Amino acid sequence: MKTYDFVIPAKGKGRSNKTVTISLSVGQKVRYYLFSNLTFEGIDEEGYVILKDKSGNEKRVYRNLFEKYVE
């Protein structure tokens, strides 16, 4: 199973300038912005992160936005 590393801003009080590196595997559940229970499917050749909801609909998000809003 392939994994990808992302640098995301740390959440919480007093951590506004800190970042955390996370690793996501293909098939792992993530929460992105207002959407929850999405499955991480990988990154395409154009730099978009591919997410899939429970109905099988794909959502493509630019990597910088994904790193900003992923939980």
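The values are calculated or read from the model by the stated rules, or taken from the named source; none is laboratory data. Remember, it's a predicted structure, so these values are computed and weren't measured experimentally. Because the Cβ atoms are built from the backbone with ideal geometry, glycine has one as well, and the counts that use them run over all protein chains shown. Side chains included, ligands, DNA and RNA excluded: accessible areas come from the protein's heavy atoms. Shrake-Rupley method; radii C 1.70, N 1.55, O 1.52, S 1.80 Å.
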Accessible surface, the chain, averaged per residue in Å² (probe 1.4 Å): 72 Å²
Heavy-atom accessible surface of the chain: percent carbon and sulfur, 1.4 Å: 46 percent
Proximal aspartates and glutamates relative to residue 2, as straight alpha-carbon distance under 16 Å, when same-chain residues fewer than 8 apart are discounted: 41, 44, 45
Note, ³J(HN,Hα) from phi for region 25-37, Karplus 6.51, -1.76, 1.60, rounded to Hz, x at Gly and Pro: 9, 5, x, 7, 7, 9, 10, 10, 6, 8, 9, 10, 6
Positive-end residue of 65, 17, 35, charge dipole of the chain with Cβ unit charges: 17
Phi-based couplings in Hz for region 58-71 (Karplus 6.51, -1.76, 1.60; Gly and Pro marked x): 8, 10, 10, 10, 4, 4, 4, 5, 4, 5, 6, 10, 6, 9
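With a ≥ b ≥ c taken as the square roots of the eigenvalues of the C-alpha gyration tensor of the chain, please select rounded if a/c is under 1.5 and otherwise prolate if a/b is larger than b/c or oblate if it is not? Walk me through the numbers on the way to the answer.
Working: a/c = 1.91, a/b = 1.58, b/c = 1.21.
It is prolate, given that a/c is not under 1.5 and a/b is the larger ratio.
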Area accessible to solvent at residue 59, 1.4 Å probe radius, in Å²: 70 Å²
When each of 18/59; 11/68; 18/52 is checked by Cα-Cα distance, pairs over 20 Å: 18/59; 18/52
Computed magnitude of the charge dipole of region 25-67 (debye, nearest 20; Cβ of K, R +1, Cβ of D, E -1): 280 debye
With all protein chains modelled, accessible area of residue 43 [1.4 Å, Å²]: 40 Å²
Where labels lie 7 Å past Cα in the beta-carbon direction, separation of residue 11 and residue 62 in nm: 2.3 nm
